[in-house]
Amino acid sequence: LAPDFVQNDTSGKPEALKDFRGKYVLLDFWASWCVPCRHENPNLVKAYNNLKDKNFTVLGVSLDQPNAKSKWLKAIHDDQLTWTHVSDLKYWDNEVARLYGIKGIPSNLLIGPDGVILAKNLRGEKLEEQLKEFIK
């Protein structure tokens, strides 16, 4: 079972993982400064746009640094990441990343509608194919 957490979104509003229950959620750990993350974002955008009407969403967790909120927001805008994003702007001490044992980014977990972790580190051009195996 995916551990629940609450972290603030880009406008400071608390978002809880449990509020996404009933949907497939790709919990995506990334940061604006992470070049491999930024290269992966087009694959995420494509998969999200094609699957968002099939009970699927992405929840981005940023490991951006303290005092770097503007860089985080710019990356979300520039990469057209239209899903919910959260961060405590604590870099590698991000509480959600620590809760999930994230040691490197990009990293992600696919969580089923029942809150159970179904897969880890789905990425690349095959991301959407891999997601479709779970999302019927």
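The values are calculated or read from the model by the stated rules, or taken from the named source; none is laboratory data. None of the values given here were measured: they were computed from a predicted structure. Neighbour counts are summed over all protein chains in view; Cβ atoms, including those assigned to glycine, are modelled from backbone coordinates with ideal geometry. In case anyone asks, the SASA skips ligands and DNA or RNA and just uses the protein heavy atoms, side chains included. Shrake-Rupley method; radii C 1.70, N 1.55, O 1.52, S 1.80 Å.
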Discussion item. Suppose we filter region 48-67 for residues that are open to solvent by less than 10 Å² (accessible area, probe 1.4 Å) and free of Cβ contacts under 8 Å to residues at least 40 places away in the same chain; how many remain?
Written reply: 4
Worksheet item: Are any residues in region 21-38 surrounded by fewer than 22 Cβ atoms within 10 Å (Cβ to Cβ), in contact (Cβ under 8 Å) with a residue 40 or more places away in the chain and part of a helix (DSSP H, G or I), and if so, which ones?
Response: 36, 38
Discussion item. If residue 45 meets every condition in (1) at pLDDT 95 or above; (2) out of contact with any Pro (no Cβ under 8 Å at 6 or more places or on another chain); (3) open to solvent by 80 Å² or more (accessible area, probe 1.4 Å); (4) over 17 Å from residue 1 (Cα atoms) apart from one, which number is that one?
Written reply: (3)
Worksheet item: If you check residue 107 against the conditions, is it in contact with a Ser or Thr (Cβ under 6 Å, 6 or more places away or on another chain) and open to solvent by less than 80 Å² (accessible area, probe 1.4 Å)?
Response: no
Practice prompt. Count, please, the residues in region 2-20 that happen to be on the phi < 0 side of the Ramachandran plot, outside any strand (DSSP E or B) and over 15 Å from the mean Cα position of the chain (by Cα).
Written response: 2
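Taking residue 93 as the residue in question, decide whether it is surrounded by 15 or more Cβ atoms within 10 Å (Cβ to Cβ) and closer than 23 Å to residue 14 by Cβ. Spell out the reasoning first.
Values: surrounded by 15 or more Cβ atoms within 10 Å (Cβ to Cβ): no; closer than 23 Å to residue 14 by Cβ: yes.
Considered against the rule, which asks whether it is surrounded by 15 or more Cβ atoms within 10 Å (Cβ to Cβ) and closer than 23 Å to residue 14 by Cβ, residue 93 comes out as no.
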Fill in: In region 101-132, the residues that are touching a residue at least 40 places away in the same chain (Cβ under 8 Å), under 23 Å from residue 71 (Cβ atoms) and of a type outside the set (D, E, K, R)
102, 105, 106, 107, 108
Item to complete: Residues being open to solvent by less than 80 Å² (accessible area, probe 1.4 Å), polar (S, T, N, Q) and over 19 Å from residue 98 (Cβ atoms): count how many of those fall in region 1-20.
Response: 1
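When you go through 53, 64 one by one, which is the residue that is closer than 20 Å to residue 100 by Cβ and of a type in the set (D, E, K, R)?
Values: 53 fails: closer than 20 Å to residue 100 by Cβ.
Matching residue, one of 53, 64: 64.
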Item to complete: Give the residue that is farthest from residue 74 (Cα to Cα), with candidates limited to residues of region 1-20 that are free of Cβ contacts under 8 Å to residues at least 60 places away in the same chain and of a type in the set (Gly, Ala, Ser).
Response: 16
